[in-house]
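Taking it in order: structure first as structure tokens, then the write-up.
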Amino acid sequence: MGIRSFLIDLLLIYEAVVILQVVMSWFPVTNPGGPMDRFRYILYRLTEPVLGPIRRVIPSVGGGIRFDFSPLIVILLIQLILIPILSR
């Protein structure tokens, strides 16, 4: 396993973590402190260092239902990084 395949795997895993964090955010916390709540916290700790700075630059939009574009931007950036790596 070379550095190239390691980087590809790492980026794809992080992309999946971002997607999972987004999906988990759609569901309410039903058992605070329970296993799912701890899982959400782990996802938050993994994604917030990247999503947080983007949220500060590009705030959420919408009225009653807010839409956060930061996960979409992170996924797009990951794909833009992957394109030249995969084309070799």
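Looking at the stretch 1-24, which of the residues that are among the small types (Gly, Ala, Ser) and not in a loop (DSSP other than H, G, I, E, B) is nearest to Phe69 (Cα to Cα)? First the steps, then the outcome.
Filtering the stretch 1-24 down to residues among the small types (Gly, Ala, Ser) leaves 2, 5, 16.
When the remaining residues are screened for being not in a loop (DSSP other than H, G, I, E, B), the result is 5, 16.
Working: Ser5: 28, Ala16: 16 Å.
Ranking the qualifying residues of the stretch 1-24, first place goes to Ala16.
Please enumerate the residues belonging to the stretch 62-71 that are without any contact (Cβ under 8 Å) to a residue 24 or more places away in the chain and either part of a loop (DSSP other than H, G, I, E, B) or in contact with a helix residue (DSSP H, G or I) (Cβ under 9 Å, 6 or more places away or on another chain) (or both). I'd like the intermediate steps shown before the answer.
Filtering the stretch 62-71 for residues without any contact (Cβ under 8 Å) to a residue 24 or more places away in the chain gives 62-70.
Passing the criteria: Gly62, Gly63, Gly64, Ile65, Arg66, Asp68, Phe69, Ser70.
Return the residues of the stretch 62-72 that are more than 12 Å from Glu15 (Cβ to Cβ) and of a type outside the set (Gly, Ala, Ser); say none if nothing qualifies. Reasoning before the result, please.
Within the stretch 62-72, the subset more than 12 Å from Glu15 (Cβ to Cβ) is 62-70.
Of everything in the stretch 62-72, those that are more than 12 Å from Glu15 (Cβ to Cβ) and of a type outside the set (Gly, Ala, Ser) turn out to be Ile65, Arg66, Phe67, Asp68, Phe69.
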Open item on the list: Going residue by residue through the stretch 50-61, is there one that turns out to be within 12 Å of Glu15 (Cβ to Cβ) and either within 12 Å of the chain's Cα centre (by Cα) or touching a residue at least 40 places away in the same chain (Cβ under 8 Å) (or both)?
Closed with: yes
- [ ] Would you mind telling me which numbered condition in (1) on the phi > 0 side of the Ramachandran plot; (2) in a helix (DSSP H, G or I) Gly33 fails?
- [x] (2)
Open item on the list: Take the conditions in a loop (DSSP other than H, G, I, E, B) and not acidic (Asp, Glu) and apply them to Phe27. Does it pass?
Closed with: yes
Task: Residue that is surrounded by the fewest Cβ atoms within 10 Å (Cβ to Cβ), among those in the stretch 62-77 that are within 10 Å of the chain's Cα centre (by Cα) and closer than 30 Å to Gly2 by Cα - done: Leu72
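Values quoted throughout were computed directly from the atomic coordinates according to the rules given, and no laboratory measurement underlies them. None of the values given here were measured: they were computed from a predicted structure. Reconstructed Cβ throughout: ideal geometry from the backbone, glycine too, with neighbour counts over all protein chains shown.
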